[in-house]
Amino acid sequence: MNETASTLLIIAGVLVTLLTLSALLIWLERRLLGFWQERYGPNRVGPFGLLQVVADMIKIFMKEDWVPPFADKAVFVIAPAVIIVTILMSFAVVPFTPSIVVADLNVGLLFFLAMSSLSAYSVVLAGWASNNKYSLLGGLRASAQMLSYEVFMGLSLMGVVMLAGSFSLRDIVAAQQGVWFCIPQVLGFIIFLIAGLAETKRVPFDIPEAEAELVAGFHTEYSGMKFGMFFVGEYLGIILISAMITVLFFGGWQGPWLPPVVWFSIKTFLFICLFILLRAALPRLRFDQLMTFGWKVMLPLALVNLTVTGALVLVGHPPE
Amino acid sequence: MAGIIVDDRPYQVDERENLLQACLSLGFNLPYFCWHPALGSVGACRQCAVKQFRNEHDREGHLVMACMTPAADGTRISIEDPEAKTFRASVIEWMMANHPHDCPVCDEGGECHLQDMTVMTGHAYRRYRFTKRTFRNQDLGPFITHEMNRCIQCYRCVRFYRNYAGGRDFDAFGSRNHVYFGRHEDGALENEFSGNLVEVCPTGVFDDKTLMPHYTRKWDLQTAPSVCTHCSLGCNTIAGERYGTLRRILNRYHSEVNGYFLCDRGRFGYDFVNSEARIRRPKFRPNRDSQAITMDKEMLLRELGPLLADKPSRIIGIGSPRASLEANFALRELVGSERFSLGLSARDAGLSSLILDILRRGPAPSASIHDVEQADAVLVLGEDLINQAPRLALAVRQSVCQQPMQIADKLGIPRWHDAAVREAAHARLGPLFIAAPHSNWFTDVATETYHGAPDDLAALGFAVAHELDQASPTPSILNPAIGSLAKRIAAVLRQAKRPIVISGTACKSETVIQSAANVAWALCKTRTTAKLCYCLPESNSLGLAMLGGKSLEDAFSVVKDGEANTILILENDLYRRADPLPVDAFLKTASKVILLDNLEHDTMSKADMVLPAGTFAESDGTLVNNEGRAQRFYQVFPAEGDVQESWRWIRDLAVASGHPRQSNMAAWHKLDDVVAALADAIPTFQRLTEVAPPEKFRMVGQKIPRQTHRFTGRTAIHAPLTMHEPKPVEDADSPLSFSMEGYLGQPPSPLITHYWTPGWNSVQALNKFQNEVGGPLRQEMPGVQLIESSDKRTVMYFTDVPAPFQARDDGWLILPWYQVFGSEELSARASAMAERIPKPVLMLHPDDAARLRVKSGERAEFALGDRLHRLPVKLGAAVPRGTAALTIVPGFTDTALPTWSPIIRAVES
Amino acid sequence: MLKLLKGIWLVFLHAFTRPVTVQYPEEKPYLPPRWRGRIILSRDPDGEERCVGCYLCSVACPVGCIALQATEDEHGRRYPAWFRINFSRCIFCGYCEEACPTYAIQLTTDFELSEHDRRNLVYEKEHLLISGTGKYPGYNFYRVSGLRIGGKDKGEAEHEAAPTDLRSLMP
């Protein structure tokens, strides 16, 4: 009974924190982009423009919630919900601290991979349901991109699993007591970072919504809060990937002096900033470049990483 | 054909042309001012200089004026030669030295030949630093503006006005660089063709004064090809609209009809379209004593539907000779041919159908205006050309130059060499005989004139025919003077190669029309080239005659007998067609009078329901001109509110009535449907579908835009009404669009909305629309000739020879004296016309006036029907004794004329 | 690859430079006199309307947002009976000013044209006409043109000779 209550409390806490953060990220991203581009960014609403988020929210809720007459209505409505649900589900297995975790599954990492794969459906369905050629193109690109990058995203993590000997994320964090996995798995880390960027459709991998070519890609026809949900989904994705990097490669909540939750937050925040910096600095890839890069560079690298790690692990700990 | 070499490339041209004409026909941009395809060359402006070379070894060459050099075989010239180019640029610079800094406030700006030529030669910066010559302007009347500062002394205006149109009150004055073109004093230009100065003048000296109150640049006008509705000749026009009002009429070239020129009635009579007196909303009078209330279309149709459905045979339809064929046909379909009246008195309808019968039955084909221009002998019998068919008078004016041209031919002077031809011909004019009841300046052009009462004119005609062919009847009693004149006329006609006999309805006399037919037929018996030309009163008189129907008197009796009680009148003021008393009774007896028209008039005030019909500018339709040529006119701008084409109203009525007989009319969605139905229904109109391209016609998949590609203000015009920028109105009836988007090249001739090609913004861009300058338009569709003359050589002469006219002691025969400005119903309502419409007078022979003891300007009293009139008397020596001439201006109609009436000197109270 | 990293590093360094943003509306930017902002109609030095209704601005306008109707007073001076600019369509390209032969239509430095209702962006002549000469003092078209207007007869414009005496035969 008590355990259920605490789980519910954790769930509620995680949900509130995540949704608030993802909204705040909109402000953070615009401010940071501003700084990196020698301007201010939103600074008019409230102190430092912090209430910009509130203003945007008010605006986006007041907007006409329009469903195009030519759209496939049911799918059109469901699509934005899918992305939110799948990403929020992924957070269930993330160990924020040794105690704050919604569900410490023994296949946590696989659950994360499964959920993030499901989020591709959202984009594909949105593109299809809009019944608009730009949307459809965006959806097709997204499915191709996510399929390709899923493959080595999973493979890149296998090194970590081998080193930790477990799929449970709490075990993986615990396994980094001595050395963070970013040291032995530096290649895995880089591959995962890139695959994570692609999973969240962030610059330089934002070709599903490439506004210069596709108007706004899969969400061309979306407006109001449905459009907002795609946005929230994108920011939740950034948080998720940053949190996963922290968990898998940077020792999770571990660190001296400060409480675990602070350490976790600091590390995650830094990666979020890195994501935004990349957006400020990198141009968008062309579609063929993206596919070539994925299949001809990243996949072999991931396999090499896997093989080498496997060999080393075999050498270090011969199976009984 | 002659081979010439231009800039080292060989071309084939017509050797009868000059080099300028040849180069323009070949598509070269060679600047010119004084030359005009209809006026020939004088070499006054020195602008068309080219370099001519003796042979291929000649590198020096010498400058010649292209317009003064024949396009002889083997001529080598260079247009691009640097010396020739510099010369042309210098000439422009000299002309521009005194040209004022006026373009922004000049009406010609944007369609100015001088602007085009200046740009073409490349002159851009003024080097002249001294003072500019200035002139004072004259007031040239309500039609034409005058701004002499802009003149470049090309002499085109004088050459057109005096030499071509025969005007006398305009000339060149002064000397050297002070040459002035104007009248001897301020005053309206008298000539009926003064409006052409607007197009003839290469710059802004003469401009359209009626355009100024609503001035619009050429590029802003929404224009459509139209056909003039102010007389029976069917001259082609371009009508232009802006902001919902009709703004001006320009000539639309037609190689067989009006050529390059229009008359002032056609050019300046358009303003009735914008009149305050326009009917713009449907009106309804619940009962005869109450005021008319305006109603919307749906309500009115709901009201009218059952009325028409009850007893369709009790409706009588009154057609109109000024409505399109389609509108008249729609009415005929609605009421049935038994109940369709032409809207003309039996006499007037009879005259039209007599003319139609003559043209169909006899061997003499009907002549186009171009044929008349080319004629070398013309006999005008009883038609007042300058007042009833002015453009034809201008053509006749050209025909008298045909025979003297032979002198020039003999001397080897090319025909385009205007000054030399005139010098050779001196004052000689070709044969033209005019027999008419009254004289005017135009009758003075004739070799011989004869003024007599209609019966005497007919007698002359019969006598001429008898001289030509003894088989034709001759008057039993013949005035010896007429007899000898007839001999002289017959001799000349027999000699001529292309003789033409012109007559018409102006005398309201059947025998005059018949006598003209006899003359032409007698000529045809011995030769094949004689042609006949009849003038009719209105734009669609002949078309209506072809359609056929009952007379107005028949309609009167049908209603009087109670066989019909609902009258549907189409674009007709019955008080202009018949005496007031029977019309009053007719309109009173009927239980419902429904009128479809565009201008308020006396009949409208008696109608129970009034439906607003579109004018020529707001509807499409077909008109049949005096030679039987069917031509299409196109809607210029979308009609405002409930105003729509007459045939659409009639279709709506048919649909509202729901009567099965009219069920096929419900399928009339566009003009082509009506035309097809008409072509099916009446064999005469079988070829009507070929008059113009059908609605489906597209150029490269596009419609032809009515607006120019520079049309402005499209996002501002409607801004005060709506910010949503309404979609352009779609035109269901024609391949034209109410838009600036569409095909920009040259469409078939009936669809040319404006003349423009790159570098040629003025009307002279027309050169680029012709294969050969002065010839037919590219892809010319000249309309369809609906009358085929009989090819039988045997003729059945008319034998009804009238007795000589006898003056009576108890009265005078009052004849209509038509006026070019004022006689025609619609143009008389144009605001600019008011000043030119003469005051009504009664013209008498001085001897008759002396007998009555009235002096010029004193008033005389006479009766028309049962109404007494009192008018000032004017003396005219040409008025036949025993007759009087009554001016037909607003307030007077020709319905009762000619009529006998006593005339007494009015006692002034 | 290194280049990419270098680029990312350079962008990161920009976090430490001053923003170039001008804090409008507290801080007003400097606008050069030839700035292309709100369009006005000016008057000549005598206080009369400069516009002569020649339609050149409207034909130069690439979006067709200018419409007018020219008319004439009883002495022959031309002016627009009405003149309308739809600023909701205007792209401030300045072609109208370039086309204007009388310096009547001018673009000003006012760019603050926000409205809640688009209809308020439709300016009629009374909204456009100012009382001064604008950027071009001194020019009066009718002093140069040969047209006769009230207060200026033929031959009284600049560089004009007195009207020709047609009855004189003197060389």
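The values are calculated or read from the model by the stated rules, or taken from the named source; none is laboratory data. All values derive from a computational prediction rather than experimental measurement. No Cβ is skipped: glycine too gets one built from the backbone with ideal geometry, and neighbour counts run over all protein chains shown. Side chains included, ligands, DNA and RNA excluded: accessible areas come from the protein's heavy atoms. Shrake-Rupley method; radii C 1.70, N 1.55, O 1.52, S 1.80 Å.
So if R0 is 45 Å, what FRET efficiency would C:Ser114 and B:Asp186 give, r being the distance between their Cβ atoms, rounded to the nearest 0.05? It comes to 0.20. Accessible surface for C:Arg43 stands near 60 Å², nearest 10, in the context of the full protein assembly shown (1.4 Å probe). Figure legend: label point modelled 7 angstrom from the Cα of A:Leu270 along Cα→Cβ; residues of segment A:187-231 with amide N under 20 Å from it are A:187-197. Applying a threshold of 26 Å to the alpha-carbon distances of B:Lys218/B:Lys703; A:Lys296/C:Lys3; B:Lys209/B:Lys768 flags B:Lys209/B:Lys768 as lying beyond it. Counting only lysines at least 8 places from B:Lys792 when in the same chain, those with an alpha carbon closer than 21 Å to its own are B:Lys497, B:Lys525, B:Lys531. Return the residues of segment A:12-50 for which accessible area with all protein chains present is lower than in the chain on its own by 40 Å² or more; set the probe to 1.4 Å and exclude ligands, DNA and RNA. Hits at the 40 Å² cut-off: A:Phe35, A:Trp36, A:Glu38, A:Tyr40, A:Arg44. For segment C:77-95, a reduction of at least 20 Å² in accessible area between the chain on its own and the assembled protein chains (probe 1.4 Å) is found at C:Arg78, C:Trp82, C:Arg84, C:Asn86, C:Arg89. Looking at segment B:206-354, the accessible area is 27 square angstrom per residue; that uses a 1.4 Å probe and ignores ligands, DNA and RNA. Helical content of chain B, expressed as a calculated mean residue ellipticity at 222 nm, amounts to -7500 deg cm²/dmol (DSSP H runs of 4 or more residues, -39,500 (n - 2.57) each, divided by residue number, nearest 500).
Summary of the geometry: segment B:246-317 and segment B:781-819, compared by the centres of their Cα atoms, lie 32 Å apart.
Only protein heavy atoms count here; under a 1.4 Å probe, A:Ile58 has an accessible surface of about 100 Å². The mean sequence distance of close C-alpha pairs (under 8 Å, at least 6 residues apart), as a share of the length of segment B:518-668, puts its relative contact order at 19 percent. Note on chain C: helix-only mean residue ellipticity at 222 nm, from DSSP H runs of 4+ residues weighted -39500 (n - 2.57) and normalised by residue number, equals -4000 deg cm²/dmol. The angle separating the long axis of helix B:480-495 from the principal Cα axis of greatest extent in chain B is about 50 degrees. Select from A:Trp180, A:Ala144, A:Phe269 the residue farthest towards the positive end of the dipole of segment A:2-316; place +1 on Cβ of Lys and Arg, -1 on Cβ of Asp and Glu, and compute about the Cα centre. Positive-most Cα among the choices belongs to A:Phe269. The GluC sites (Glu not before Pro) of segment B:20-90 meeting both criteria, a DSSP state outside H, G, I, E and B (loop) and at most 10 other C-beta atoms within 10 angstrom of the site's C-beta, are B:Glu56, B:Glu60.
Shape analysis of the protein assembly as shown yields a ratio of the Cα radius of gyration to the Kirkwood radius, Rg/Rh, of 1.13. A dipole drawn for segment A:1-143 from +1 and -1 charges on Cβ atoms has a positive end, and of A:Trp36, A:Ile11, A:Leu50 the residue lying farthest that way is A:Trp36.
Normalised by residue count, chain B yields a Cα convex hull volume of 185 Å³ per residue. Of the residues B:Tyr253, C:Tyr103, B:Tyr575, A:Tyr40, ranked by 1.4 Å probe accessible area with the largest first, the sequence reads C:Tyr103, A:Tyr40, B:Tyr575, B:Tyr253.
Annotation note: GluC sites (Glu not before Pro) in segment C:107-163 located in DSSP loop regions with a Cβ neighbour count of at most 12 within 10 Å are C:Glu112, C:Glu115, C:Glu158. Each of A:Ser122, A:Thr200, A:Pro98 was scored by the projection of its Cα onto the charge dipole of segment A:2-316, and the greatest displacement toward the positive side belongs to A:Thr200; charges sit on the C-beta of Lys, Arg, Asp and Glu.
Placing B:Ser515, B:Ser476, B:Ser337 in order of accessible area, with the largest value first and a 1.4 Å probe, yields B:Ser476, B:Ser337, B:Ser515. Surface analysis of segment A:2-316 yields an accessible area of 44 Å² per residue, using protein heavy atoms and a 1.4 Å probe. Computed from label points 7 Å out along Cα-Cβ, the spacing between A:Asn106 and B:Asp554 is 11.0 nm.
In µm²/s, what is D for segment A:2-316 at 20 °C and 1.002 mPa s, where D = kT/(6 pi eta Rh) by Stokes-Einstein and Rh is the Kirkwood radius from Cα pairs? Result for D is 106 µm²/s. When all protein chains stay in place and ligands, DNA and RNA are ignored, the 1.4 Å accessible-area order of B:Phe272, A:Phe189, B:Phe130, largest first, is B:Phe130, A:Phe189, B:Phe272. Quick check: the distance between the Cα centres of segment C:102-145 and segment B:630-682, to the nearest angstrom? Computed from Cα coordinates, the inter-centre distance equals 49 Å. When a/c is below 1.5 the answer is rounded, else prolate if a/b is larger than b/c, else oblate, so apply that to segment B:423-547 with a ≥ b ≥ c taken from the square roots of the Cα gyration tensor eigenvalues. Rounded, because the longest to shortest axis ratio a/c is under 1.5. Dipole check for segment A:2-316: with +1 at the C-beta of Lys and Arg, -1 at the C-beta of Asp and Glu, and the Cα centre as origin, the magnitude is about 460 Debye.
For the chain pair A and C, buried accessible area totals roughly 1300 Å², probe 1.4 Å, rounded to the nearest 100. Relative to the Cα centre, the charge distribution of chain B, modelled as +1 at Lys and Arg Cβ and -1 at Asp and Glu Cβ, gives a dipole magnitude of about 1080 debye. Which shape class applies to segment A:270-320: rounded if a/c is under 1.5, otherwise prolate when a/b exceeds b/c and oblate if not, where a ≥ b ≥ c are the square roots of the Cα gyration tensor eigenvalues? Verdict is oblate for segment A:270-320. Residues of segment B:201-242 whose accessible area, computed with a 1.4 Å probe over protein heavy atoms, drops by at least 50 Å² once all protein chains are present relative to their chain alone are B:Met212, B:Tyr215, B:Trp219. Surface composition of the protein assembly as shown: carbon and sulfur make up 58 percent of the accessible area, probe 1.4 Å. Excluding same-chain neighbours fewer than eight residues apart, the lysines reachable from B:Lys592 by a Cα-Cα span under 24 Å are B:Lys283, B:Lys297, B:Lys311, B:Lys550, B:Lys560, B:Lys606. Taken across both chains, chains B and C shield about 3700 Å² of accessible surface from a 1.4 Å probe.
Restriction of the GluC sites (Glu not before Pro) in segment B:146-204 to DSSP coil positions whose beta-carbon has at most 15 other beta-carbons within 10 angstrom yields B:Glu185, B:Glu190. Looking at the protein assembly as shown alone, DSSP beta bridges between its own residues are antiparallel in about 60 percent of cases.
The residues packed around B:Thr603, meaning those with a beta-carbon under 15 Å from its beta-carbon, carry a net charge of +1 if Lys and Arg are +1 and Asp and Glu are -1.
How would segment C:1-125 be classified by its alpha-carbon gyration tensor: rounded, prolate or oblate, with rounded meaning a/c under 1.5 and the a/b versus b/c comparison settling the rest? Cα axes put segment C:1-125 in the prolate bin. Based on Cα contacts under 8 Å between residues 6+ apart, chain B shows a relative contact order of 15 percent. Shielding by partners for peptide C:139-150, expressed as the average number of C-beta atoms from other protein chains within 10 Å of each residue's C-beta, is 4. Other protein chain C-beta atoms within 10 Å of residue C-beta, averaged over C:46-54: 2. Helical content of chain A, expressed as a calculated mean residue ellipticity at 222 nm, amounts to -22500 deg cm²/dmol (DSSP H runs of 4 or more residues, -39,500 (n - 2.57) each, divided by residue number, nearest 500). Accessible surface for chain C, divided over its residues, is 57 Å² per residue with a 1.4 Å probe. C:Tyr123 contributes an accessible area of around 40 Å² to the protein surface, as traced by a 1.4 Å probe with all chains present.
A simple charge model with +1 on the Cβ of Lys and Arg, -1 on the Cβ of Asp and Glu and nothing else charged puts the dipole of the protein assembly as shown at about 1740 debye relative to its Cα centre. Across segment B:612-699, the relative contact order, built from alpha-carbon pairs under 8 Å that are at least six residues apart, equals 23 percent.
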